[in-house]
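See structure below.
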Amino acid sequence: MRNPMRPRGAGRLRRGVTVVAASSAVLLTLAACGQAENLAQDEETAAPAGPVEIRVAWWGAEGRHEQTQAALKVCEADLGNVTTSAEFTSQGYDDRLATQFAAGDAPDLIQVTSGHVTSYGQRGGLVDIATVKEDIDTSAISPGVLNQDSVDGKNYAVPITVNASGVMLNVTLMEQYGLERPDDENWTWDDLFEYASGVYEASDGAIWGLQQPSEDIRLLGIWARQLGHSDGLFSETGVGVDPEVISSFLEYGSDLQDSEGSAPASVSIEHQGGGVEQTMIGTSKALMAVRPINEITALAAATGSEFELLQLPVHEAGETGQTFRSMSWAITSDSEHPVEAARVLNCLQSNLEVADILQAERGLPANQEVVEHIRANLSPEQQMMADFVAIVEENAPEAAPLAPPPGADTAEPMLRRYAEDMLFDRISPAEAAEQFTAELDQSVSDAG
Amino acid sequence: MAVAREFSKHRKAATTAAKAPPTRGDGKAAAVFLLPWFIGLVLIVVGPLLASLYLSFTSYDLFGDPKFIGLENYTRLFQDPRLAKSLQVTFTYVFVSVPLQLAVALGLAMVLDRGVRGLSFYRSVFYLPSLLGASVAIAILWRQLFGTDGVLNQAIEWFNGIQPLIQIGTHGWVSDPEYALGTLMVLNVWTFGSPMVIFLAGLRQIPEMYYEAASLDGASKFRQFTSITFPMLTPVVFFNLVLQVINAFQTFTQAFIVSGGTGGPVDSTLFYTLYLYLQGFANFNMGYASAMAWLLVLIIGAMTALNFFASRYWVFHDD
């Protein structure tokens, strides 16, 4: 019964084999052509004939995606020979970017934070901005902000927002529990401690004074600068400060927890690590928190409360030690068209028509001409941020802290781990500081 | 009986016919049909597998080219305290949650096997967690249930309130390092559905006559379980054990979501795969992560081999 079918079927299959073999040969050739084309394009970068496509990647929420795509359209029209393709995501940005870098397929222009700039920049993943300086006008960005993430004197990104750490105060909660406003005029860490420790009792156990600060690696850097280590937390070989500096920082958090100035460990830790709306301050369980100031808008939205920004406390009559931190645009080394990418970058950070679209959704713009242009539209919170930044700029030390060396990318989760161990009373602040230092130094030496 | 005998005779005839010597062209046809799968296997499985084997002997940060460093990654494995911690977490999880999960699965399968009304409904309901257990949504829900203000703590407080005798402490079930791993184990036990369905099928295979004979001889229900049900079911238990052990070693999603991607608090849920991921994609030590992956292959292989070896002593084969 099956035999009559066989010859016909087999013949067809044999032809099939030929077709498959032939088509895979074609595919292989096409792939080879693709490569050849890439090579050819590399040589042509100096004078591209037609419009070149620039891939632009960012993370954010829905509103940002729409605004940024509209802004890119404006830039396309403005630049003429450039088309853009948008690659945006609301989560998993880092993983995707790392994978794309590994595959040699990173987008041309990427939105980055300070952490990206150092870890990608040090590994040769980003273009030195000095090589495309004819196409990017950074004159409207203050030098302190522009050089905040420099690595070995090189800038691998152009800041688009300016941000810093500050103390968020939930004014609505403060009034609700009849608390006095803390006196933040030149206040010290002891002043903050004393104020925060009274909140739990004054509110009948409803809220705690300060969100647990000991997991905040940036605050630790500022703490070190306030104690006279102007390079901040890091040196080229790992931790650049004595364990005592770190220990004093951790002890502050531990003492705060013991005095009910911040919540017990399991409550605090449950609220770390998520988005800002899951934090102690974002869930109205803490009156104050040290956070990046641009979160004030999101905090106000999440809690429905009114917030105020207070300057960071200092040590007894000391320096503010403040540092800037930003969101930036960077050009990847994989880009075949760094010049065009630079032009798109420049358009996004300085074009006033673009500024009208983007407003201050990413945070307070770093470009001061843009800030002037949109000042009338700034919300009260953004206005507060602008004032805050002006004060920080006035008092911040000249020198920016050293960038974390390769292998220190994980300092943040590492500090969190030791801080948590300490908050659960499993190790002392001194032990935590010592172990943190040893592990970070080891991680840096492994990477070197 | 006669029908069955007739059927098996025909079947036998059919299979023998199919075993006629292959004619030319058969192999090629098979090759063509296998080609799409084969291309997938080579590109998606074998290629990356070999690449990771190579990378495990290199220092590779994803950006530059991999640098060959010989066995350095492998020697580092033995000096890494966090790796030791992640092995401890993973082994604890496997050794505690897999037996518990299988026990719950077997228990429920036996209850359902008694011919409960609406069996297919219960079977579906109990199977559901197996489909959902490793999903992000459930892990987030789990975080809510076991939070300091979560449903569990509220239930405990309510229970403490209605009676004075038994007072249970409330904890941050996912944020306290003492309890976080236990919470994830409960989540794993909860996904007992797929082994349960397999147990149920196994129970159906045990001939009723054994139980009838045992009842006539006056064997208790417990004796029937230890002397008939369990021995007859051991091949199925073994199958479930092997699968669930391999699965448990590869646990990732639950720990990733519940701990916010850190393995915290204080590395108490630092599963092996999670640490591997962090080394590769957060620390950019892709070479080291590859070496870790191969160590995991060896561990799972060894555990499975051990399972097969031990099975000689407890798995009962009917034939």
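The values are calculated or read from the model by the stated rules, or taken from the named source; none is laboratory data. Keep in mind that this is a model prediction, so the values were computed, not measured. Here the Cβ positions follow ideal geometry from the backbone for every residue, glycine too, while neighbour counts run over all protein chains shown. With ligands, DNA and RNA removed, areas are computed over all heavy atoms of the protein, side chains included. Shrake-Rupley method; radii C 1.70, N 1.55, O 1.52, S 1.80 Å.
For this structure, a couple of remarks:
- Distance between the pseudo-spin-label points of A:ASP204 and A:ARG426 (7 Å out from Cα toward the beta carbon): 3.7 nm.
- Contact order normalised by residue count of chain B, Cα under 8 Å, 6+ apart, percent: 27 percent
- Accessible-area value, A:TRP59, 1.4 Å probe, nucleic acids and ligands omitted, Å²: 60 Å²
- Subtracting the Cα-Cα distance of A:ALA86 and A:GLU306 from 0.36 nm times their residue separation leaves 75.7 nm of extension gain.
- Computing FRET efficiency as 1/(1 + (r/R0)^6) for A:GLN442 and B:LEU141, where r is the C-beta to C-beta distance and R0 is 60 Å, gives about 0.95.
- Extending 7 Å from the Cα toward the beta-carbon at both B:TRP158 and B:ASP65 defines two label points whose distance is 6.5 nm.
- Mean residue ellipticity (222 nm) of chain B, computed from DSSP H runs ≥ 4 via -39,500 (n - 2.57), nearest 500: -21500 deg cm²/dmol
- The figure for A:GLU336 is an accessible area of roughly 50 square angstrom, using a 1.4 Å probe on the protein chains alone.
- Since only A:PRO406, A:ALA196, A:MET168 are under comparison, the one whose Cα sits farthest along the positive direction of the charge dipole of chain A, derived from C-beta charges on Lys, Arg, Asp and Glu, is A:PRO406.
- Spin-label model, A:GLU353 to B:ILE39: label points 7 Å out along the Cα-to-beta-carbon direction sit 4.6 nm apart.
- With both residues required to sit in the protein assembly as shown, DSSP beta bridges show an antiparallel share near 65%.
- Under the convention that each Lys and Arg Cβ holds +1 and each Asp and Glu Cβ holds -1, the size of the dipole of segment A:290-448 around its Cα centre is about 240 debye.
- 10 Å Cβ neighbours from other chains, averaged over peptide B:264-275: 3
- Mean-position separation - Cα centroids, segment B:72-138 and segment A:284-361, in angstrom: 43 Å
- Residue-span extension gain [B:ARG114 to B:ILE246] - 0.36 nm each, minus C-alpha spacing: 44.5 nm
- MRE, 222 nm, helices only [DSSP H, n ≥ 4, -39500 (n - 2.57), over chain A, to nearest 500]: -15000 deg cm²/dmol
- The ellipsoid equivalent to the alpha-carbon distribution of segment B:77-314 has semi-axes of 35, 26, 15 angstrom, derived from the gyration tensor eigenvalues as √(5λ) and listed largest first.
- Total buried accessible area between B and A, probe 1.4 Å, nearest 100: 2800 Å².
- Stretching the chain fully between B:LEU128 and B:VAL96 yields a gain of 9.3 nm (0.36 nm per residue, less the alpha carbon separation).
- Cβ-based charge dipole, the protein assembly as shown, positive-most Cα from A:GLY178, B:LEU43, A:ALA77: B:LEU43
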